[in-house]
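Just so it is clear, none of the values below were taken in a lab; they were calculated from the coordinates. These figures come from a predicted structure and were not determined experimentally. Cβ: placed from backbone, ideal geometry, glycine included. Neighbour counts: every protein chain shown.
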């Protein structure tokens, strides 16, 4: 979402005028207007200050599927695979034991 949209929506939710927001933050009202109209691209700190005054915070979130650190889940997958392999080997042994017992009982 664009800074202009974020600020406009945050200010509206807070019920503040541009002038009110200017008084709260010390950022000139014409600058706030320019940001909301998309004419001014604020620095991160400026946008954060404006949003904080509106009772909101700026939170950066990675897009889905990006920034995934595979080192966090690969060991778990490897452990799960080892566990499944052990279970499969034990199951195969049990099937073989069952077959032998059926043959012996005939």
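Using only Cα atoms, find the angle between the long axis of helix 44-53 and the longest principal axis of the chain, and express it within 0 to 90 degrees, rounded to the nearest 10.
That works out to roughly 80 degrees.
Among 1, 31, rank each residue by its count of other Cβ atoms within 10 Å, from fewest to most, as a rough exposure measure.
1, 31
Mean residue ellipticity at 222 nm from the helices of the chain, using -39,500 (n - 2.57) per DSSP H segment of n ≥ 4 over the full residue count, to the nearest 500 deg cm²/dmol?
-21500 deg cm²/dmol
Taking only the Cα atoms of the stretch 51-106, how large is their convex hull per residue, in Å³?
Considering the Cα atoms of the stretch 51-106, their hull volume per residue is 131 Å³.
For the chain, find the longest principal axis of its Cα atoms and tell me its angle to the long axis of helix 74-105, 0 to 90°, nearest 10.
Approximately 20 degrees, to the nearest ten.
Assuming 0.36 nm per residue, please report the length gained on full extension of the stretch residue 23 to residue 71 beyond their Cα-Cα distance.
That pair, residue 23 and residue 71, stretches by 12.5 nm at full extension.
Could you check the spin-label model distance between residue 37 and residue 78? Points 7 Å from the Cα along Cα→Cβ, value in nm.
Each label point is offset 7 Å from its Cα along the Cβ direction, giving 5.9 nm.
So how far, in whole Å, is the C-alpha centre of the stretch 52-104 from the one of the stretch 1-51?
About 46 Å separates the Cα centre of the stretch 52-104 from the one of the stretch 1-51.
Pick out which of 34, 53, 88 has the largest mean-square fluctuation in a Gaussian network model of the chain, springs linking Cα atoms closer than 10 Å.
88
Based on the alpha-carbon gyration tensor of the stretch 3-53 and its eigenvalue square roots a ≥ b ≥ c, which shape applies: rounded if a/c is under 1.5, prolate if not and a/b is larger than b/c, or oblate?
Rounded is the answer for the stretch 3-53, as its axis ratio a/c remains below 1.5.
Could you list log10 I(q)/I(0) for the chain at q = 0.17, 0.18, 0.21, 0.25 Å⁻¹, which the Debye formula gives when each Cα is one point scatterer?
Listed by q, the Debye log ratios stand at -0.81, -0.85, -1.02, -1.25.
Go ahead and run the numbers for FRET between residue 85 and residue 63, Cβ-Cβ distance against an R0 of 41 Å, rounding to 0.05.
The calculated FRET efficiency here is 0.70.
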